[in-house]
Amino acid sequence: MAHYLFTLWDGGGSLPPELAVVRKVAAAGHHTTVLIDPVAEREARAAGAHDVRVWRDAPHHATRLADDDYIRDWTIRSPARMLTNLMDTLMIRPATAFADEVLRAIDSVKPDIVVTSFPLFGSMIAAEARGLPIVALVPNVVSLPCEGMPPFGTGFLPPRTALGRTRDRALNGIVERIWNRRLLELNQARTALGLDPLHRLLAQYERADRVLALTGTAFDFPASLPANVRYVGPQLDDPHWTETWEPPADDGRPFVLVAMSTTYMDHVDQLQRALTAVGSLPVRALVTTGPAIDPDQLNAAPNVNVVRSAPHAKILRHTDVVVTHGGHGTVVKALAAGVPLVCIPTGRDQPDNAARVTHRNAGLRLAKNARPSKIAAAITRILDDPNYRQKASELGAALTAEAVSTRLLDELETARERNDERATG
């Protein structure tokens, strides 16, 4: 039995797959300590963590309401500014604060390995300073700038021409330069812990024993990734805060699920337009608003049921089309159930997820300001064309096979054993 220290960040839909890793590690018989945002303390316990601690001095979420969101990325439109904002609010400038709390946890519980959310640079440098193996969890597609990977947040498809490849190389070079604007600050945090400075900010990820992408090779685009990156399959657990749900009687009409962001993204109007769309169609629909939006803020037609939460894994067994912002968790769960999607990306990694859906003809993508009539037309198009369902089922079968594989636990064990070999060598 090993002792795993998980240092996690509540990034909305990114958290359930990371807690699924906690659950699997605990179920395998290992001891788990979790350091997490206060709002997610109960969820960590429900996932089977043996010891749960909360961030106190480092940035954290006390609730999932907009007023308590210290990142506030819904006010940002460009991917470049979004990346800079993340570095300033979560990744680099608070790295010392995160490192201090992780060091205290390490010295208290004496873990064998540290597993951290991908953005928490402070956790990585703390583990490195104590000589512990490090695993970074990527709960979506791999966004590192590399050959073959379209730049993060652009929603680009894989390049098919030399001109397209040149474009992506140039944009990825710009992204790398944006990262390196905070290199001095990261190196200051590193040298304060006795670590050598880096020449590139993203080299911090190369110091990790493993970077585990919680998605499937069948979903992501092929690219020349760093040697320590591994795909370990999507983690399909629903959040522990979902409420019970029973399917309505089947009256022959198609069933549509509308599921937008877990966190606030200034998307009430977008959600209302989706409600208006499904309300105009001869379908039955369920809308889940998530913790950040009150269902009473929305107006729904009689054929639309609006709730704060419900178990998507159960709902998707009865669903014909999913209308979504394109968050990774919702997308891969829908595909695993063989359900095609209408993606209406708002920001973050959502345009990239939508690109992967449309690239494989498993759904359609609309602009985030799409009118209800366009949303309704997209839903109708998918319902009328069985090819979308067929492609979603094919992709979903591949994702499900990766989800049930042993890759995740195997890679975690490899990272820990490699550190044991270094210690005895």
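The values are calculated or read from the model by the stated rules, or taken from the named source; none is laboratory data. None of these values were measured; they are calculated from a predicted model. Don't worry about glycine lacking a Cβ; one is built from the backbone with ideal geometry, like all the others, and counts go over all protein chains shown.
For the stretch 204-213, the criterion of being surrounded by fewer than 16 Cβ atoms within 10 Å (Cβ to Cβ) and out of contact with any helix residue (DSSP H, G or I) (no Cβ under 7 Å at 6 or more places or on another chain) is met by at least one residue.
The set of residues in the stretch 1-26 being charged (D, E, K, R) and modelled with pLDDT under 95 consists of ASP10 alone. The set of residues in the stretch 330-351 being crowded, with 24+ Cβ neighbours inside 10 Å and either touching an Asp or Glu at 6+ places or on another chain (Cβ under 9 Å) or basic (Lys, Arg) (or both) consists of LYS333, VAL339, PRO340, ARG348.
Annotation note: of ASN172, ASN187, the sole residue that is assigned by TED's automatic domain parsing to the domain that holds ASP220 and at pLDDT 95 or above is ASN187. Selection of helices (runs of 4 or more DSSP H) fully inside the stretch 35-140 by the criterion of at least 3 residues being at pLDDT 95 or above and hydrophobic (A, V, I, L, M, F, W, C) returns 95-109, 121-129.
Residues are listed down the side, and each one gets a yes or a no for (1) touching a strand residue (DSSP E or B) at 6+ places or on another chain (Cβ under 7 Å); (2) in contact (Cβ under 8 Å) with a residue 40 or more places away in the chain; (3) surrounded by 23 or more Cβ atoms within 10 Å (Cβ to Cβ); (4) within 16 Å of THR324 (Cβ to Cβ):
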| residue | (1), (2), (3), (4) |
| --- | --- |
| PHE255 | yes, yes, no, yes |
| ALA259 | yes, yes, yes, yes |
| GLN270 | no, yes, no, yes |
| ALA285 | yes, no, yes, yes |
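What do you reckon, is THR215 part of a loop (DSSP other than H, G, I, E, B) and at pLDDT 95 or above?
Taking the combined requirement at face value, the residue satisfies it.
In the stretch 26-44, which residues are more than 19 Å from the chain's Cα centre (by Cα), surrounded by 17 or more Cβ atoms within 10 Å (Cβ to Cβ) and not hydroxyl-bearing (Ser, Thr, Tyr)? ALA26, HIS30, HIS31 - these are the residues of the stretch 26-44 that are more than 19 Å from the chain's Cα centre (by Cα), surrounded by 17 or more Cβ atoms within 10 Å (Cβ to Cβ) and not hydroxyl-bearing (Ser, Thr, Tyr). Tallying residues that are over 18 Å from PRO197 (Cα atoms) and either out of contact with any His (no Cβ under 6 Å at 6 or more places or on another chain) or outside the structural domain of GLN188 (by TED's automatic domain parsing) (or both) within the stretch 99-131 yields 18.
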